[in-house]
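Single-structure report; data block below.
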């Protein structure tokens, strides 16, 4: 099928799905199911118009600075990204069922597989993992600590709205490949983007990918600043450091990790972009060397895994005791050790570099 | 230990962070006495920094957070 027919079908499908969504939203008052609706439409009547400051409909979702709305936005975005990353891995696994290049043969073969590999990793980590944690955090942290909202509601909103553009940039190569006849392809650097491959790959899709990743890092850092400020300054009178809930502790530690590691990723990405486009030699053999990227990347990369795991561990530590009616065993141990993880995780990045051949003990 | 700063219960809670501090101290001592990879001013500085800086960071964070939490506990009791 040629490109124009594909585009036409895609647009028609989009219109159909939009019609389905509109029908579903009118079938019944879905908001009546949630007690945390804030007493809006359920109380005021059928219009859903709460007040001059809180409009309804599309305007609400595009302009809201309410932490619950932003949490929902993060969640919806994360689920969509999960779909993309999941589709990528399903395609990869289907291809790997047999040794020959068969499933992806018509879609671009080995290069397409490498593009999927790259996109799956980055999407799952930066467009699903971190946003879905931000969704939970934004929705629940103010409620848990008795705050009105996050400390910086408008920064909260812009932090979310940077994500859709960054997703489009990260995925741009896939869209532009058929449109430019292969001149711009999906990034095939793998999610760890090691040079020399990432510096040498003459594909503008890689630059778009790197820019999108940088943008998502800015979004995450802003969110982290917001969480730190909120947990430090917006606690209610009766919530202090001794009775702060465990989820807030892990979100606080995670935000500290983000604050100190994401700017480094951004810097490394800028260095790579400079190497690719302005002839610098940060990661060239005659300059800083390819190993420099690995050090920089994994100095970010190890805190990154704790950024991803600490809040879910906080959720488990919060939910299991609540639902089983037991206290968390060693609550203060968990708090202090979480903080310890925050500090110690910055010293161990070399354990991601055993394959470099420069560690004497491992050959 | 500085039992004037933290009472017995607080010290017990802080044990969880004393353990990694102890491990770091052990390796600082061992590598200071028995250099495992020879001595080179630059390399050894990096090697020891990777032990000393986390030690200082963790000790500082443990102290600050310990003080904040024990202080808050006292306020709750009032």
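The values are calculated or read from the model by the stated rules, or taken from the named source; none is laboratory data. What you see is a predicted model, and the numbers here were worked out from it, not measured in a lab. Note that we place each Cβ from the backbone using ideal geometry, even for glycine, and neighbour counts take in every protein chain shown.
Checked against (1) surrounded by 11 or more Cβ atoms within 10 Å (Cβ to Cβ); (2) under 30 Å from residue A:238 (Cα atoms); (3) within 13 Å of chain A (Cβ to nearest Cβ), residue B:5 meets all criteria but (3). Residues in segment A:258-273: is at least one touching a residue at least 40 places away in the same chain (Cβ under 8 Å), under 30 Å from residue B:73 (Cα atoms) and in contact with a helix residue (DSSP H, G or I) (Cβ under 6 Å, 6 or more places away or on another chain)? Yes: segment A:258-273 contains one or more residues that are touching a residue at least 40 places away in the same chain (Cβ under 8 Å), under 30 Å from residue B:73 (Cα atoms) and in contact with a helix residue (DSSP H, G or I) (Cβ under 6 Å, 6 or more places away or on another chain).
Conditions (1) surrounded by fewer than 17 Cβ atoms within 10 Å (Cβ to Cβ); (2) within 25 Å of the chain's Cα centre (by Cα), marked per residue:
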site	(1), (2)
A:291	yes, no
A:299	no, yes
A:310	no, yes
A:319	yes, yes
A:354	yes, no
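Residue by residue, here is whether (1) surrounded by 15 or more Cβ atoms within 10 Å (Cβ to Cβ); (2) in contact with a helix residue (DSSP H, G or I) (Cβ under 9 Å, 6 or more places away or on another chain); (3) within 20 Å of residue A:304 (Cβ to Cβ) holds:
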| site | (1), (2), (3) |
| --- | --- |
| A:81 | yes, yes, yes |
| A:89 | yes, yes, yes |
| A:102 | no, yes, no |
| A:111 | yes, no, no |
| A:114 | yes, no, no |
| A:119 | yes, yes, yes |
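Selection within segment A:320-341: residues that are under 19 Å from residue B:72 (Cβ atoms) and touching a residue at least 60 places away in the same chain (Cβ under 8 Å). The member of this set that is nearest to the other protein chains (Cβ to nearest Cβ) is A:339.
Give the residue, chosen from B:14, B:76, B:51, that is assigned to a helix (DSSP H, G or I), within 17 Å of residue A:331 (Cα to Cα) and in contact (Cβ under 8 Å) with a residue 12 or more places away in the chain.
Working: B:76 fails: in contact (Cβ under 8 Å) with a residue 12 or more places away in the chain; B:51 fails: within 17 Å of residue A:331 (Cα to Cα).
On inspection, the qualifying residue turns out to be B:14.
Conditions tested, residue by residue: (1) under 24 Å from residue A:250 (Cβ atoms); (2) outside any loop (DSSP other than H, G, I, E, B); (3) at pLDDT below 95.
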position: A:89; (1), (2), (3): no, yes, no
position: A:95; (1), (2), (3): no, yes, yes
position: A:99; (1), (2), (3): no, no, yes
position: A:103; (1), (2), (3): no, no, yes
position: A:110; (1), (2), (3): no, yes, yes
position: A:143; (1), (2), (3): yes, yes, no
position: A:148; (1), (2), (3): yes, no, yes
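For every residue, the table says whether it meets (1) more than 7 Å from chain A (Cβ to nearest Cβ); (2) closer than 24 Å to residue B:23 by Cβ; (3) at pLDDT below 95; (4) in contact with a strand residue (DSSP E or B) (Cβ under 8 Å, 6 or more places away or on another chain).
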position: B:36; (1), (2), (3), (4): yes, yes, yes, no
position: B:41; (1), (2), (3), (4): yes, no, yes, no
position: B:46; (1), (2), (3), (4): yes, yes, yes, no
position: B:52; (1), (2), (3), (4): yes, yes, no, no
position: B:70; (1), (2), (3), (4): yes, no, yes, no
position: B:74; (1), (2), (3), (4): yes, no, yes, no
position: B:77; (1), (2), (3), (4): yes, no, yes, no
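Scanning segment A:238-254 for residues that are in a loop (DSSP other than H, G, I, E, B) and touching a residue at least 40 places away in the same chain (Cβ under 8 Å), we see that the one that is farthest from residue A:314 (Cα to Cα) is A:238.
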